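K.L.:
Would you mind keeping the following structure in view while I ask a few things?
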Amino acid sequence: MVGATLIDLVLPLAQEAVGAHEPGFVPFLPSWMILLPFLGFVLNGALAYLAPERRKLVSVVGPGVLGLAFVIAAVNLVLIARVHDAEPVLRSYWTWIEVGQLRIDAALQLDQLSMIMALVVTCVSFIIHIYSVGYMGEDPGYARYFAYLNLFVFFMLVLVLGASFPLMFIGWEGVGLCSYLLIGFWFRESAKAEAGQKAFIVNRIGDFGFLMAMFAMFAYLGTLDFQGVFEAAPRAFEYGGAAVTLITLFLFLGCTGKSAQIPLYVWLPDAMHGPTPVSALIHAATMVTAGVYLVARAGVLFALAPLSMNVVAVIGGATALFAGTIAVQQFDIKRVVAYSTISQLGYMFLAVGVGAYTAGIFHLGTHAFFKALLFMASGAVIHAMHHALEHAGEPAGEDVTQDMRNMGALKKYMPTTFKTAWVGALALAGVFPLAGFFSKDEIIWSVGARGQTVLWVVAIITAMLTAGYITRWLVMTFHGENRTGEKARGYLHEAAPIMVGALVVLAIGSVVTGWVNIPEALPLLPEFTWLHHFLHPSFAQAEHIIVEHMGEAAHASPVGGGEGMWALISTAAAIVVILFVFNALSGKKYLPAHEAKVPTGIWGLLYHKYYVDELYDLVIVRPFKWICMFSWRVIDQGLIDGVMVNGVGYTTRFGGWVISRFQTGYLGTYVLIIVLGVLIILGAVTL
Amino acid sequence: MLFESLVLSGVLFAVGVAGVLLRRNAIVMFMCIELMLNAVNLSFVAISRYVGIEGQLFVIFVMTVAAAEAAVGLAIIISIFRHYESVDVRNFRLLRW
């Protein structure tokens, strides 16, 4: 820790003294961005063991370290933004692995992409940590919760700041671990512990892809540092060649696991069993976007493999539409938002899949705010429902408190939550001038401009679906009649001020974050497409390859019309859908969950999530269990334990018994055997 | 001479083997073992005439070892006799499976 600080402080001074580096971007204590959350983890972890009742201290340490990390990230972003097209800065602290040709430093790569990611991560984490103080305040595992949450941020920052694939992989695995720990945070309920395991196991499939990609990269390029790989790749790989296609497809397999894309998305809805701030932080804002970051970071490799790009775009588009339709017919308040997250992640992959890296990262950033906001508004609602039902002495299990059929008309009881939820929903639906409008529009526009007509139509349909399901979510939760029950209704109340405060901050973020990248077609601010220009150095190489082989992107959509026109059309469409759904549903009478029937027909198909979980259970889980049963009963117990281990034992014992019969105790027998033996040996020698 | 000597040695050895195999009296078995040793000694001496002095030299060693062995063996037999009042080898078959 001291060493890293010294490197951070002394290195720039030393370089300045010898005039080694040009005046450029000098990072400000980058190691502390990572060390602070780790420090928080150590302190909170110690408190969880030694003094779990010291809640005040935990409340200060947990969000505090994140606040400081956020300040450092913000300072660094300002520093790098002031330098035009700043070169990436590599800060190496020590040599981590050195075996033969392979040399991996524990190094941070500080460039535009990693700084923007670090800022989004620390900012959203900080707000969610503060919200957690209110949300988890009465939980007996308070200190443990903050220890895990801090550890998560530590690993997430390692993921985005690491300067090589293995270091990124450490973060990648670390966030997976924290995700597992936090989904199963209330591990005494088996459903929650199982959801954690599901997330972990499904992610292992993706991690296998990441590992294979790293092995292949090392085999072909001999290095795993980002800069080394991206410099060597265009020379080592033929455009569209098998090797680079294989590597990128393996990388994308990793992404489908971590970022919940088809076919590995099934863990994310189940991950909603964790505490709601965890869903907001890990399963909406940060960890699940790691896959998008990976594709953007490895943009050079993907640009060299057009087939992989198409796979990414198609999977992204398919996931966006697929998850969007499921969200239409879910009744769990968090599951709607969870499927929405999968759908929005699909959008991001759609963007990076057509080479619109900035659009993907832009949507990642805006989505982090409005999706965290929607989750935490859900959390506030669940919190209120839980308290109300508990006070009324009614069952307050997860299935009751999270079912939107038991809510309704909450705007009367939770006015601020209601307002912020509307802001988040409008941002998600892409209504001008909220954040989602700019980012989603840029994605749809880029897809169209790249000539992917089918995906473009899919993206537009999904955008309208998004507006539809999120309006349904709002209406069922906040409008109409209250269905909580006479007794519990009186106990409904607004969330704690600290939680409401966090919601308001996120709502502001959901409005303004979109303004960092206003398209040229809509000259609303003097400085447009700031993010695009800012991120340009990070993506220049990849974009250059794409333009070289596929030509410039078109300046019109597949059916004509410019960016401005389509932006207007899409926002108008979103508003029409919102109004339509709002009118259609606000008059509708919902029955409370315990009286309602399970939907049938097409709605039933959506309600049951296309039976994908059941399909996986039938095709993968059960055969796998049979194989495991076979391995256990037949191969392990039968063959290995029975035939091999015990078999050797029995054979030895039997042999010993047979030979022991010769040991009669009669001297005569021994002598006879000796003589016979001598005769046999003599006979053998002479013959 | 060598042939006759070796035949005599072989006969003596065979007698010794037969004695050890067939007799039950420990003392007699012991004497038969001595007989086998001495049969071997005889062939050593006989062959040493043609090969060299080493054969005769070896006989001295064999006699030394045989004397030591006789001392140990007789001591064991005496202690067995004290225990069982007999030197029949069928009596002592405790060391078995």
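The values are calculated or read from the model by the stated rules, or taken from the named source; none is laboratory data. The structure presented is a predicted model; accordingly, all values stated were derived computationally and were not measured. Neighbour counts run over all protein chains shown; Cβ positions are idealised from the backbone, glycine included.
K.L.:
Taking A:Gly100 and the conditions (1) in contact (Cβ under 8 Å) with a residue 24 or more places away in the chain; (2) on the phi > 0 side of the Ramachandran plot, which numbered condition does it fall short on, given that it satisfies the others?
P.N.:
(1)
K.L.:
Only one of (1) in contact (Cβ under 8 Å) with a residue 12 or more places away in the chain; (2) within 14 Å of another protein chain (Cβ to nearest Cβ) is not met by B:Arg93, so which one is it?
P.N.:
With (1) in contact (Cβ under 8 Å) with a residue 12 or more places away in the chain; (2) within 14 Å of another protein chain (Cβ to nearest Cβ) applied to B:Arg93, the lone miss is (1).
K.L.:
Determine which member of the set B:Phe81, B:Phe44 is surrounded by 11 or more Cβ atoms within 10 Å (Cβ to Cβ), closer than 30 Å to B:Met1 by Cβ, of a type outside the set (Gly, Ala, Ser) and more than 14 Å from chain A (Cβ to nearest Cβ). Reasoning before the result, please.
P.N.:
Working: B:Phe81 fails: closer than 30 Å to B:Met1 by Cβ.
Among B:Phe81, B:Phe44, only B:Phe44 is surrounded by 11 or more Cβ atoms within 10 Å (Cβ to Cβ), closer than 30 Å to B:Met1 by Cβ, of a type outside the set (Gly, Ala, Ser) and more than 14 Å from chain A (Cβ to nearest Cβ).
K.L.:
Looking at the stretch A:408-446, which of its residues are among the hydroxyl-bearing types (Ser, Thr, Tyr) and in a loop (DSSP other than H, G, I, E, B)?
P.N.:
A:Tyr413
K.L.:
Related question: Sort out which residues of the stretch B:7-27 are more than 10 Å from chain A (Cβ to nearest Cβ) and not in a helix (DSSP H, G or I), and write them in order of number.
P.N.:
B:Asn25
K.L.:
What pairs come up if the first residue lies in the stretch A:173-188 and is under 15 Å from A:Phe146 (Cβ atoms), the second is of a type in the set (Val, Ile, Thr) and crowded, with 24+ Cβ neighbours inside 10 Å, and their beta carbons are under 8 Å apart, counting only those six or more places apart or on different chains?
P.N.:
Between residues of the stretch A:173-188 that are under 15 Å from A:Phe146 (Cβ atoms) and residues that are of a type in the set (Val, Ile, Thr) and crowded, with 24+ Cβ neighbours inside 10 Å, the close pairs are A:Cys178/A:Ile282; A:Leu182/A:Val278; A:Leu182/A:Ile282; A:Phe185/A:Val278.
K.L.:
Pairs only if they're at least six apart or on different chains, beta carbon under 8 angstrom, first in the stretch A:74-93 and at positive phi, second in a helix (DSSP H, G or I); list them, first residue then second.
P.N.:
Listed pairs, sorted by first residue: A:Asp85/A:His536; A:Asp85/A:Pro537.
K.L.:
Is it the case, given these coordinates, that A:Gly665 is within 14 Å of chain B (Cβ to nearest Cβ) and not in a helix (DSSP H, G or I)?
P.N.:
yes
K.L.:
Can you name the condition, by its number, that A:Met414 falls short on among (1) farther than 14 Å from A:Tyr491 by Cα; (2) in contact (Cβ under 8 Å) with a residue 12 or more places away in the chain; (3) not β-branched (Val, Ile, Thr)?
P.N.:
(1)
K.L.:
Further question: For the stretch A:28-60: of the residues being over 12 Å from A:Ala147 (Cα atoms) and among the aromatic types (Phe, Trp, Tyr), which is modelled with the highest pLDDT?
P.N.:
Out of the qualifying residues, it is A:Trp32.
K.L.:
Does A:Glu595 fit the bill of being acidic (Asp, Glu), touching a helix residue (DSSP H, G or I) at 6+ places or on another chain (Cβ under 9 Å) and either surrounded by fewer than 11 Cβ atoms within 10 Å (Cβ to Cβ) or at pLDDT 90 or above (or both)?
P.N.:
yes
K.L.:
Among the residues in the stretch A:325-348, are any out of contact with any Leu (no Cβ under 8 Å at 6 or more places or on another chain), among the small types (Gly, Ala, Ser) and within 25 Å of A:Val511 (Cβ to Cβ)?
P.N.:
No, the stretch A:325-348 contains no residue that is out of contact with any Leu (no Cβ under 8 Å at 6 or more places or on another chain), among the small types (Gly, Ala, Ser) and within 25 Å of A:Val511 (Cβ to Cβ).
For (1) in contact with a helix residue (DSSP H, G or I) (Cβ under 7 Å, 6 or more places away or on another chain); (2) buried (at least 22 other Cβ atoms within 10 Å of the Cβ); (3) farther than 21 Å from A:Gln109 by Cβ, each residue gets a yes or a no:
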| site | (1), (2), (3) |
| --- | --- |
| A:Met217 | yes, yes, no |
| A:Thr223 | yes, no, no |
| A:Gly254 | yes, yes, no |
| A:Tyr265 | yes, yes, yes |
| A:Ala271 | yes, yes, yes |
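K.L.:
Would you be able to say whether some residue in the stretch A:84-106 is out of contact with any strand residue (DSSP E or B) (no Cβ under 7 Å at 6 or more places or on another chain) and in a helix (DSSP H, G or I)? Break it down into steps so the answer makes sense when it comes.
P.N.:
First, the residues of the stretch A:84-106 that are out of contact with any strand residue (DSSP E or B) (no Cβ under 7 Å at 6 or more places or on another chain): A:84-87, A:98-102.
So of that shortlist, the ones also in a helix (DSSP H, G or I) come out as none.
No; the residues of the stretch A:84-106 include none that is out of contact with any strand residue (DSSP E or B) (no Cβ under 7 Å at 6 or more places or on another chain) and in a helix (DSSP H, G or I).
K.L.:
Looking only at residues that are of a type in the set (Lys, Arg) and crowded, with 16+ Cβ neighbours inside 10 Å in the stretch A:171-207, which one is farthest from A:Val266 (Cα to Cα)?
P.N.:
Looking at residues that are of a type in the set (Lys, Arg) and crowded, with 16+ Cβ neighbours inside 10 Å, I get A:Lys192.
K.L.:
Hey, could you check the stretch A:225-245 for residues that are touching a helix residue (DSSP H, G or I) at 6+ places or on another chain (Cβ under 6 Å) and among the hydrophobic types (A, V, I, L, M, F, W, C) and say which is surrounded by the most Cβ atoms within 10 Å (Cβ to Cβ)?
P.N.:
Among those that are touching a helix residue (DSSP H, G or I) at 6+ places or on another chain (Cβ under 6 Å) and among the hydrophobic types (A, V, I, L, M, F, W, C), it is A:Val244.
K.L.:
Turning to a different aspect of this structure: In the set B:Phe3, B:Phe30, which member is part of a helix (DSSP H, G or I), within 13 Å of chain A (Cβ to nearest Cβ), more than 19 Å from B:Ile60 (Cβ to Cβ) and among the aromatic types (Phe, Trp, Tyr)?
P.N.:
B:Phe30
K.L.:
Moving on to the next point. Among the residues of the stretch A:634-662 satisfying the criterion of being surrounded by 11 or more Cβ atoms within 10 Å (Cβ to Cβ) and of a type in the set (D, E, K, R), which is farthest from the other protein chains (Cβ to nearest Cβ)?
P.N.:
A:Asp636
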